[in-house]
Structure formats: C-alpha cells, structure tokens
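Reviewing the structure listed below.
The values are calculated or read from the model by the stated rules, or taken from the named source; none is laboratory data. Small disclaimer: the values here were computed from a predicted structure and weren't measured. Here the Cβ is made from the backbone with ideal geometry for all residues, glycine too, and neighbour counts use every protein chain on show.
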Amino acid sequence: MPPRGFTLLEIMVVMVLIGILTSLAVLSIGGGPRNRLAEEGRRLAAIVELQQQEAILSGQLRGIQFDRNGYTILSLDEQGAWRSPDATNALIRHQLPEDIALGLWVEDRSVRLEKPDFPQVLLLSSGEATEFIAVFSLARDSSPDAPLYRIASDAMGRLTAGETVR
C-alpha cells in the first residue's frame, strides 16, 4: 500500500478550525488597554447623559458618587437623603475592573476617592451639572506615555470625551 498524505479538503478544514479558534481567542482577550479605557469612558458618558435626561424629566436632583472602585447613581428623596433611584437595572452602580484606575477633579480640584456620604457630581433638573473631569487610566502603568481616557462636563452639563495625555 502506498503512503497516503492529507487531502486538500482535510487541510482546508483544519485551517478553518484554527482560524475560528484564533478569532475566538482574540475576542475574549479584548481590544487592548486603549480600547478598554475608551469603553469605560464611553460607558460613564452614556450614564451621565441618561441621568441628566432622567433628572430633567422627573424634576429630581441626581448625583454621581465616585469611589476607588467605580461610581453609583443617586437621587435625592423627599426627606433629603441620597438613595439609589427607583430602578432595578445595572445602571445604578458600576464596578470598574481591577486594572483600571479612576481620577476625579471637581471644579478644578482633585478629589480623594474615599467613600463620601454624598455625591461629588450633581445633575440638576434644569440640565446644569457640577463641573467635573474623570480620567480613566491603567492601574499599574504610570509611565508618561500610558493611555488615558478623559470625560469632562461643564456647568451647562455638556460632556466631552476622548483620549488625553499626562
């Protein structure tokens, strides 16, 4: 019996399977640190915009309470206490991944991200907001060329977002 090799069809099937497994591995790893920071920044910007609209429509004061691990959306109740708004979705509290750090500046002053009793950023029912800058960075990368993603709001509640440098 003569030695038998692989047919072209068998080689093509193996190549397709390798391609599928490689693409699944790339998708599970993610798009790299810049994309992950941008994703966190865009998520915060979307939540702020949504909560601004909710504050305007409901006539209720909203706030964002930042801490080292993420941020929480709060509303002021009739008794003057800050509580989570009436909602049962994941938009009320967001936990940052462990490898992403958050820096916060409110009205041009750096804010310590200890667990405060009140929100650092207010979203008024008029559409105005506390001026703030939130910067997402990689927790273990403090080099001068490390990627940063910045979200900023002016007093009129207008948001800007984008990559920035140290």
Practice problem: Tell me, yes or no, whether segment 139-149 has at least one residue that is under 17 Å from L44 (Cα atoms), surrounded by fewer than 18 Cβ atoms within 10 Å (Cβ to Cβ), among the aliphatic types (A, V, I, L, M) and at pLDDT 90 or above. | Solution: no
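Can you confirm whether E54 is modelled with pLDDT under 90 and crowded, with 16+ Cβ neighbours inside 10 Å? Steps first, please.
Working: modelled with pLDDT under 90: yes; crowded, with 16+ Cβ neighbours inside 10 Å: yes.
In short, yes.
Inspect segment 22-42 for any residue being at pLDDT 85 or above and over 30 Å from L96 (Cβ atoms) and give the result as yes or no.
Residues of segment 22-42 that are at pLDDT 85 or above, as a first pass: 35-42.
Now restrict to residues that are over 30 Å from L96 (Cβ atoms): none.
No.
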Exercise. Look at A101 and say whether it is over 18 Å from E54 (Cα atoms) and surrounded by 10 or more Cβ atoms within 10 Å (Cβ to Cβ).
Key: yes
Quiz prompt | Selection within segment 73-91 - crowded, with 16+ Cβ neighbours inside 10 Å and modelled with pLDDT under 90 | solution = S75, L76, W82, P85
